[in-house]
Amino acid sequence: MAERIEQRLEDRIPELEQLERVGLFTRKEIRAVLRKASALEYKIQRRALRKEDFINYIQYEVNLLELIKKRRARIGYSFKKDEIEHSILHRVHSLFNRATGKWKDDVQLWLSHVAFCKQWNAKHQLSKVFSTMLAIHSNKPALWIMAAKWEMETRLSSESARHLFLRALRFHPECPKLYQEYFRMELMHAEKQRKEKKEFEQAKMDLGEFNYSEEILNGEMARIVYRDASQKIKGVEFQLAMLSIAKLFDFTQDLQKEILESLQARYADDPLTWDYMARRELELGSLQPTEHITKKEKVSEVAQREERCCAVFDEAVRAVPTEDMWKCYITFCLERYNRKTNSEELKRKRLERTLSVFSKAHESNLLPEALYKQWLQLLLDSSLSEKAVEVAEAATRHFSQSVETWQMRLQVLIQLKRDDVTQCFEEAIKHVKSKGTLPLWTLWVEWSEGTNSKEDTEALYQRSLHTTTPAESVTMKEMYLDWTYRNGGYKKAKRLFTSLCENRPFSLDFFRKMIQIEKEQESCKMLHMREYFERALREFGSTNTDLWLDYIKEELSHPQGKPENCGSIHWRAMKMLQGDLVEDFVSKYTLLQTGHL
């Protein structure tokens, strides 16, 4: 091994001598490079190889290349690159080849090699890297796309890119992304040829052996790709993606028409098809030149376009009366309403249209639950409070089992300060199953705290503990304890804590809240603190290390604490904690003893 390393170091000597001779590095720096290289070489020649050692070696060589580049720029010397940089580049490629050969499954390592080749313009080497990588990772479409894009955009080789896409499709015959990028590539190739032909014609040059096929110039190759893809891949999303790519090129009108006709024929009942057809009306503007148009005419034109869109949507909801179709219609209306405009008339029209569509969807019983909230917000923002109350009530009739819908209705009533809030809360609790009612109870008690008397609020808290599920009652206990302390003082909070401790389950925050309350008292008693910590440890002592450490800290820092108790607390913690928590506790306890925690 030592002989091999010595040989590799000797192979560096010519490039290092050149670095010193041309003044890029000093003799001292050359020695430092040799020492570092020697250490790195020993690491990658060991029997048990580590990926990190190769990465560190490669990073060192890359940093060296960057340093040489900066020093060349500083002194203005650009010669001897073959003897210096090319030697280092060859070594980096060899390191990458060894690393990727050893850890073939590490895609990130392959991508690092690709990035390095691109950075240093090593086109020939990059072609080899892509070839080897795709042979091993042929199951990853993204890598095929990356390689084909490089062939197309950097090497300007449409033929190689096409060959890669065809190979990729043999491995992934139903991958939408591959077809989309192949389709894009063929259109780019056609556009490139069209530009070349145009330039030749403008220069009045004889095309000679250059033979531009009219079919390729018109995007026939892309049409073949589309037809093949549409037979294998179903779905509106794919068709729309292909259409959006085709629209990027100005010579694809016939192709766009074909995709559009296919879309309408095969997916006439899909809401996304109608959504696209409706939104398309926005793009079909008037033929009037925009530079001579007045603001009023522009507003009028926008309004007409939106009306045309809505006419298509109206036809759509009649043809496809589904929730998804109404959702597309409402989403469009909300998008247009939220667009900024200086025209109050246009804004009023948009609001009226949006509210009208919401109402129609609701009357058809096809308004999705999630959209009721947006409808209510729009009504409240427009100061239509009575209508908002009606809509909220209708929503809870339609989705009577939904906690979110009842919560939404209650928030509307609370915001409008209505008198029937309590009645609505009672109705909500009656309709919704006990499991999952926690949001309603928290909203109810929070509202009651600011509106009702203390007696009514306390009765409500007591009721919530009996009505909610055990898991949800945990949160209510925390809120009840906090409210009691704020409104009734320490003694009442302590009595409540003692009574609540008789009914499991608890949360750790429940105990921590009581500990915090005790700490806030002028006469904070360690006896009470021990009681709270002991109760908490009975519930959470086997799963929480911080609780034990906080207990120890209190014994050490409290005026009435007993530091001699820390040993027994530590012993109990070691016995009670489970698994890796013991090690975690020991580490933190050591930091505590040394004053670092």
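The values are calculated or read from the model by the stated rules, or taken from the named source; none is laboratory data. Worth saying up front: this structure is predicted, and the values here are computed from it rather than measured. Cβ atoms come from the backbone with ideal geometry, glycine included; neighbour counts cover every protein chain shown. To get the accessible areas, we keep the full protein, side chains included, count just its heavy atoms, and leave off ligands, DNA and RNA. Shrake-Rupley method; radii C 1.70, N 1.55, O 1.52, S 1.80 Å.
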**Message:** With the structure loaded, tell me whether residue 68 is without any contact (Cβ under 8 Å) to a residue 40 or more places away in the chain, among the hydrophobic types (A, V, I, L, M, F, W, C) and out of contact with any Ser or Thr (no Cβ under 8 Å at 6 or more places or on another chain) or whether it fails that test.
**Reply:** no
**Request:** Pick out, from the stretch 493-571, the helices (runs of 4 or more DSSP H) lying fully within it that include 1 or more residues that are not assigned by the TED database to the domain that holds residue 584.
**Result:** 508-519
**Prompt:** Where residues in the stretch 145-164 are in contact (Cβ under 8 Å) with a residue 12 or more places away in the chain and charged (D, E, K, R), which of them is most open to solvent (accessible area, probe 1.4 Å)?
**Reply:** 155
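Okay, residues lined up against (1) over 34 Å from the mean Cα position of the chain (by Cα); (2) surrounded by 14 or more Cβ atoms within 10 Å (Cβ to Cβ); (3) on the phi > 0 side of the Ramachandran plot:
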| residue | (1), (2), (3) |
| --- | --- |
| 186 | no, yes, no |
| 192 | yes, no, no |
| 205 | yes, no, no |
| 226 | no, yes, no |
| 236 | no, yes, no |
| 244 | no, no, no |
| 248 | no, no, no |
**Request:** May I ask you to list pairs of residues, at least six apart or on different chains, whose Cβ atoms are under 7 Å apart, with the first in the stretch 251-262 being closer than 25 Å to residue 198 by Cα and the second being of a type outside the set (A, V, I, L, M, F, W, C) and open to solvent by 20 Å² or more (accessible area, probe 1.4 Å)?
**Result:** 251/194; 251/218; 255/223; 256/247
**Request:** Tell me, please, whether a residue that is at pLDDT below 95 and among the β-branched types (Val, Ile, Thr) can be found in the stretch 246-257.
**Result:** yes
**Asked** Of the residues that make up the stretch 476-486, is at least one over 27 Å from residue 397 (Cα atoms), of a type outside the set (A, V, I, L, M, F, W, C), over 40 Å from the mean Cα position of the chain (by Cα) and surrounded by fewer than 20 Cβ atoms within 10 Å (Cβ to Cβ)?
**Response** yes
**Request:** For the stretch 259-276, name all the residues that are closer than 18 Å to residue 323 by Cα and assigned to a helix (DSSP H, G or I).
**Result:** 271, 272, 273, 274, 275, 276
**Residue that is surrounded by the fewest Cβ atoms within 10 Å (Cβ to Cβ), among those in the stretch 505-539 that are within 38 Å of the chain's Cα centre (by Cα) and over 16 Å from residue 484 (Cα atoms)** = 505
